[in-house]
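Worksheet for the structure shown next.
The values are calculated or read from the model by the stated rules, or taken from the named source; none is laboratory data. Model, not experiment: these values are computed from the prediction. Neighbour counts are summed over all protein chains in view; Cβ atoms, including those assigned to glycine, are modelled from backbone coordinates with ideal geometry.
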Amino acid sequence: MSTPLERTLTYRLHQLHKLTDSDSHSAYPESTGLSMSDGRCLTTIGAFEPVSVKALAEKANLNKGQASRAAQALVDQGLVSKADHPGDGRGVVLTLTPTGRKVFKRAMAMIQQRNEDIFGCLTEKELANLSAMFDRLITHARPA
């Protein structure tokens, strides 16, 4: 007998994603003054800087056009700076400005609090096990 839909991992991951995204839509503007998508791009840039637009797209799960538009919006707001990529004359690298770094710190505090709220029902050991399992699943799901 097959697994009922509501018990499949993908269904439950999607359900958890929808529940957490719903709260994030209001948490990002309240904490950072940014939309959720701009806030996620800002935190991705801050976490992996200096980062190319291509790498931003990969790390933030966006297509290159979305990443480019988001990066430009953050540049226009004075939160991110663009510089020529040292190894690619056509590319750019993105880094946070001092103002962007302040917003990044507020966003990361909000993300940390949201993670504690979401995963607070798990023990440290359960959380470590879940984290390790997610790492394995992500590695397994990535194309070879």
### Task
Kindly list, by first and then second residue, each pair from a residue in the stretch 100-113 that is at negative phi to a residue that is modelled with pLDDT of 95 or more and surrounded by fewer than 16 Cβ atoms within 10 Å (Cβ to Cβ), limited to pairs with Cβ atoms under 7 Å and residues at least 6 apart or on different chains.
none
### Query
Would a scan of the stretch 3-21 turn up a residue that is in a helix (DSSP H, G or I), touching a helix residue (DSSP H, G or I) at 6+ places or on another chain (Cβ under 9 Å), modelled with pLDDT under 90 and surrounded by 13 or more Cβ atoms within 10 Å (Cβ to Cβ)?
yes
### Query
If we keep just the residues of the stretch 121-135 that are in a helix (DSSP H, G or I) and exposed (fewer than 10 other Cβ atoms within 10 Å of the Cβ), which is modelled with the highest pLDDT?
Lys125
### Task
Kindly list the number of the only condition in (1) more than 21 Å from Gly46 (Cα to Cα); (2) in contact (Cβ under 8 Å) with a residue 12 or more places away in the chain that fails for Leu130.
(2)
### Filter result (crowded, with 17+ Cβ neighbours inside 10 Å and under 19 Å from Val103 (Cα atoms)) within the stretch 60-75
Ala60, Ala67, Ala70, Ala71, Ala73, Leu74
### Task
Could you tell me whether the stretch 70-77 includes any residue that is over 24 Å from Gln113 (Cα atoms) and within 14 Å of the chain's Cα centre (by Cα)?
yes
### Query
Which condition breaks for Leu34 when tested against (1) in a helix (DSSP H, G or I); (2) out of contact with any Ser or Thr (no Cβ under 8 Å at 6 or more places or on another chain)?
(1)
### Message
Restricting to the stretch 22-52, and then to whatever is more than 14 Å from the chain's Cα centre (by Cα) and farther than 20 Å from Gln113 by Cβ, can you tell me which residue is surrounded by the fewest Cβ atoms within 10 Å (Cβ to Cβ)?
### Response
Pro50
### Summary
Within the stretch 83-105, residues at pLDDT below 95 and either surrounded by 12 or more Cβ atoms within 10 Å (Cβ to Cβ) or of a type in the set (Lys, Arg) (or both) come out as His85, Arg90, Gly91, Val92, Val93
### Query
Looking at (1) farther than 29 Å from Ala128 by Cβ; (2) touching a residue at least 60 places away in the same chain (Cβ under 8 Å), which is the one condition that is false for Val92?
(2)
### Query
Can you tell me which residues in the stretch 81-108 are part of a strand (DSSP E or B) and of a type in the set (Gly, Ala, Ser)?
Ser81, Ala83, Gly89, Gly91
### Message
Of the conditions (1) in a loop (DSSP other than H, G, I, E, B); (2) at pLDDT below 90, Gly78 satisfies every one except a single condition; which number is it?
### Response
(2)
